[in-house]
1. So who's got an amide H within less than 5 Å of the one on Ala17, skipping anything under 5 residues away but keeping other chains? H placed 1.01 Å off N, in plane.
2. So if R0 is 25 Å, what FRET efficiency would Val163 and Tyr189 give, r being the distance between their Cβ atoms, rounded to the nearest 0.05?
3. What Kirkwood hydrodynamic radius do you get for the chain when you take the inverse of the mean 1/r over all pairs of distinct Cα atoms, in Å?
4. Let me check against my output: what whole-number percent is the relative contact order of region 128-237, with C-alpha pairs under 8 Å and at least 6 apart?
5. In percent, what relative contact order does region 2-77 have, based on Cα pairs under 8 Å that are 6 or more apart in sequence?
6. Quick one: what do you get for region 158-232 if you divide its Cα Rg by 2.2 N^0.38 Å?
7. If you wrap a convex hull around the alpha carbons of region 100-239, what volume per residue comes out, as a whole number of Å³?
8. Grab the DSSP H runs of the chain that are 4 residues or longer, score each as -39,500 (n - 2.57), total them, divide by all residues and round the 222 nm result to the nearest 500 deg cm²/dmol.
Amino acid sequence: MVTLTIDGRKVQAEEGATILEVAEDNNIYIPALCSNEAVKPYGACRLCLVEVTRGKRERLVASCLYEVEEGLKVKTNSERIASNRKMLMELLLARCPNNKEIQDLAHKLGVDGTSFELEDKQCILCALCVRACDEVVGVSAISLVNRGVDREMATPFYEPSDVCIGCGSCAYVCPTGAISFKDVGDTRYIKWPKNGMEFKLKKCKTCGRYWAPEKQLDYIIKKVNLAPDAFDNCPDCRD
């Protein structure tokens, strides 16, 4: 265990934990859009910036990436941090001016407008969807493509992905709702910012309900070596 100070409050934490994790464990608010406990830290949105003091040196770091140290002093809302967050939030507002999640977070941080030229995006390029698909699902069906202002999330060559299983993990972790899916009848429709795909749903042999993409269930069967009929029934109809 190590002891550190966050906003004048002494807290203890496990070695290897990040400042963001420790702050969350101690009900200390640090804004973050690209962080999720299911995937490795990435540091894309930079909203989780905090000011750390080690010895006589002070600097800004991304709290989702910076591991705690004995005697570390952390400020989560200094004037310097607030200024940087305001700029970052204005950039996000300019990119996604019509996105409710971004609008709500901006308002919470005291930012009600932006001086930058407005776009009309929904995706903030946090790569949570890409990381979940790779690290959690293990199929890498989507990625960030292109460079600079043309950077965006897409399937390879913007074509339907051969490896996507339709699980919807990308939509679940998306912090802005830029990715969505819905089940209609026997089909799941996944919508990404640039394209989308359709997946046939499995029909329960007992109740007749369509409940999960066949491709996803086949993937699980092969991955964990289950019986071919392991998912013939939906969860509600299994013994």
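We did not get these values from a lab; they are worked out from the coordinates using the rules stated. Note that the structure is a prediction, hence the values are computed from the model and not measured. Counting neighbours? That spans all protein chains shown, and the Cβs are built from the backbone with ideal geometry, glycine included.
1. Val68
2. Details: r = 18 Å, r/R0 = 0.73.
Calculated transfer efficiency: 0.85.
3. Numbers: mean 1/r = 0.0494 Å⁻¹.
20.3 Å is the Kirkwood radius here.
4. On the way: 172 pairs, mean separation 19.8, N = 110.
18 percent.
5. Contact order relative to length: 41 percent.
6. Numbers: Rg = 13.2 Å, N = 75, 2.2 N^0.38 = 11.3 Å.
That works out to 1.17 for region 158-232.
7. On the way: hull volume 19.8 nm³, N = 140.
Cα convex hull per residue, to the nearest whole number: 141 Å³.
8. Theoretical 222 nm ellipticity from helices: -6000 deg cm²/dmol.
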